[in-house]
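Inspection log for the structure reproduced underneath, given as structure tokens.
The values are calculated or read from the model by the stated rules, or taken from the named source; none is laboratory data. Because the structure is a prediction, the values reported are computed rather than measured. Here the Cβ positions follow ideal geometry from the backbone for every residue, glycine too, while neighbour counts run over all protein chains shown. Just the protein is used for accessible areas: all its heavy atoms, side chains included, with ligands, DNA and RNA removed. Shrake-Rupley method; radii C 1.70, N 1.55, O 1.52, S 1.80 Å.
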Amino acid sequence: MKAIGCLIPVIILVIALIFVGMPFTTVPEGHVGVVVYLGKAQDEVLSPGFNSKPLFSSVVDIDTRWQRYSIQTAAFSKDIQQVDITMSVNYALQKQGALKMYKDVGTSYADKIILPLIHEAVKSTFAKYSAEELVSNRDAISEEVFYELSQELEFYSLKVQEVAIEDIDFSDAFTNAI
């Protein structure tokens, strides 16, 4: 009987250590969890909900919901007119690409991958049109930027839902000349 009495504090201590190590976590809906153990991302991605994880590991939540990236940038038209553009891109990281994205780029992938590719797509597309065509073909230009951006971002498991060109503004000298 005395041995059982000594075992109870040991059992309580073991249970307390397990809960201190937090072997459980929750991942919010619209996210996946990348398990990081001793600084290294594991090959395990947790689904939304209640999950178990290795002792003393952490979980990085990666958002897989639709997000909006808005920018203001400048480009040149085919007839060498400077164009200031305000636009938005709706995108989502696909769940199957979250682990690779975290390992290769980290969590700030929008600034490191999406922004440069938006600039590239906008500049190359706008250079194909004259200033007059940019105003009259806004929808076609949006579709062309969408297509080019979708092709580039697919490699990174990023899906583009929409590209919206919200404003096209020309230099004051050009506007006054018209």
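Which of the following residues is of a type in the set (S, T, N, Q), at pLDDT 90 or above, at negative phi and over 19 Å from the mean Cα position of the chain (by Cα): S58, S47? Break it down into steps so the answer makes sense when it comes.
Details: S47 fails: over 19 Å from the mean Cα position of the chain (by Cα).
On inspection, the qualifying residue turns out to be S58.
Take the residues of region 36-58 that are in contact with a Phe, Trp or Tyr (Cβ under 6 Å, 6 or more places away or on another chain) and assigned to a loop (DSSP other than H, G, I, E, B): which is nearest to Y102 (Cα to Cα)?
Per the stated criteria, the residue is S57.
Can you tell me how many residues in region 114-152 are small (G, A, S) and crowded, with 19+ Cβ neighbours inside 10 Å?
2
Within the group V160, V89, V122, which residue is among the β-branched types (V, I, T) and more than 15 Å from I71 (Cα to Cα)? Even if it seems obvious, please write down each step before you answer.
On the way: V89 fails: more than 15 Å from I71 (Cα to Cα); V122 fails: more than 15 Å from I71 (Cα to Cα).
Going through V160, V89, V122 in turn, just one is among the β-branched types (V, I, T) and more than 15 Å from I71 (Cα to Cα): V160.
Filter region 53-98 down to the residues that are open to solvent by less than 70 Å² (accessible area, probe 1.4 Å) and small (G, A, S) and list them by number.
Those that are open to solvent by less than 70 Å² (accessible area, probe 1.4 Å) and small (G, A, S): S57, S58, A74, A75, S77, S88, A92, G97, A98.
Identify, by number, the condition in (1) surrounded by 15 or more Cβ atoms within 10 Å (Cβ to Cβ); (2) in a loop (DSSP other than H, G, I, E, B) that G106 doesn't meet.
Condition not satisfied by G106: (1).
I want to confirm something. Restricting to region 153-178 and keeping residues that are of a type in the set (S, T, Y) and surrounded by 14 or more Cβ atoms within 10 Å (Cβ to Cβ), which single residue is modelled with the lowest pLDDT?
Among those residues, the one meeting the criterion is S171.
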